[in-house]
Amino acid sequence: MMVNETLARFSDWTYTTTVLVYVLAMIFAVMEQANTRERAKKVVARQLATVGGPPAITEEVAPARPTGGRRVERNRADRFGRMGAALLTLGVVLHFSSLVLRGFATGRVPWGNMYEYMATVCFVAVATWLVMIRKFPVRRVTGFVLLPIVILMFLAGTVLYTNAAPVQPALQSYWLVIHVSAAAGASGLFLVPGVASILYLVRSRYDGDDTKFVKLASRLPEADVLDRLAYRMTIIAFPIFTFGVICGGIWAEAAWGRFWGWDPKETVAFVAWVIYAAYLHSRATAGWRGSKAAWINIVGFAATVFNLFFINLVTAGLHSYANG
């Protein structure tokens, strides 16, 4: 099938514009966080006790300000946040348009190579985060979510970029629509709880009177909010990931005559599945909360990123065609 070069070019332009819009949205998100202040914060007061007692924990309340000044400060942060959210919405629309144009240009689904796959993963992640900021009070940490997305999209648009073309014969199957869409969707969804768990560890150390991250952590959402966000998103992403793994086995049997062959990508995907299953199981049965659960989630996200980059681009295996 011939490639529509005009649509492909428009897709590339829209993709570049999307990255620029995300960068602007990230800047406004950082400005919102920088202008957000806690009403009160905990500090460690190292006081000399009479007989060398432990340090006392005191509550330091921010100096009182006139009502008008506080309102101006709050409005400034809110304005930055709203502008960032508006830009994020515009970016999602442009991002979706880029994928659609790429699909029409090639006459297939727009995730047939690493460039397209990465663009799809990032789209799912940003669209998911746009929904989450309406469900949870986490808008001011949008910059932390957009940072890895902007980096991934920059790498995809430069190092991993591939000209619009038909997919290789090995990928010309309806399983490309089913299996790869599930894998890309789950990967994009997992990015959100991965970042949320990292921020949870920072916030929880601050709540535990660790002053090392006081400037950053004091402006983060409450640890409980980040923990619930990570847990709920993992619950949604895990069944999709499981479905993608099962579909991959069925496609492998049709293409290579076996359901499982311990190919590097299959192996790491299975390891990531076990880690996320352990995370959900530990929370449901052992009642794990807090840092232990967050660390498991982060390890699972690290395995997902490792599978996405290292396995596809470095190792040699039956899935190595994905980098073409």
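Read-outs: derived from the displayed coordinates by stated rules, not from any lab. For clarity, every value in this text was computed on a predicted model and none was experimentally measured. Ideal geometry is used to build each Cβ from the backbone, glycine not excepted, and the neighbour counts take in all protein chains shown.
A few points about this structure:
- The 3J(HN,Hα) values that the Karplus relation (6.51, -1.76, 1.60; θ = phi - 60°) gives for segment 118-133 are, in residue order, 5, 4, 5, 4, 5, 4, 4, 5, 5, 4, 5, 5, 4, 6, 5, 6 Hz. Gly and Pro appear as x.
- Amide H contacts of F259: none lie under 5 Å away among residues 5 or more positions distant or on a separate chain (H built 1.01 Å from N in the peptide plane; Pro and chain starts excluded).
- Additional length obtainable on full extension of the chain from V93 to F270, 0.36 nm per residue less Cα span: 60.4 nm
- Extension gain from W262 to R79, taking 0.36 nm per residue of separation minus the Cα-Cα distance: 60.7 nm
- Label-point gap, in nm, between A302 and T242 - each point 7 angstrom along Cα→Cβ: 2.5
- Summed residue charge, Cβ within 13 Å of V138's Cβ, Lys/Arg positive, Asp/Glu negative: +4
- Spin-label proximity, W13 to segment 86-130 - amide N less than 18 Å from point 7 Å beyond Cα toward beta carbon: 91, 93-106
- Separation in nanometres of the label points that stand 7 Å from Cα toward Cβ, at A255 and E5: 3.0
- Extension gain for L155-S173 works out to 3.7 nm (0.36 nm per residue, less the C-alpha to C-alpha distance).
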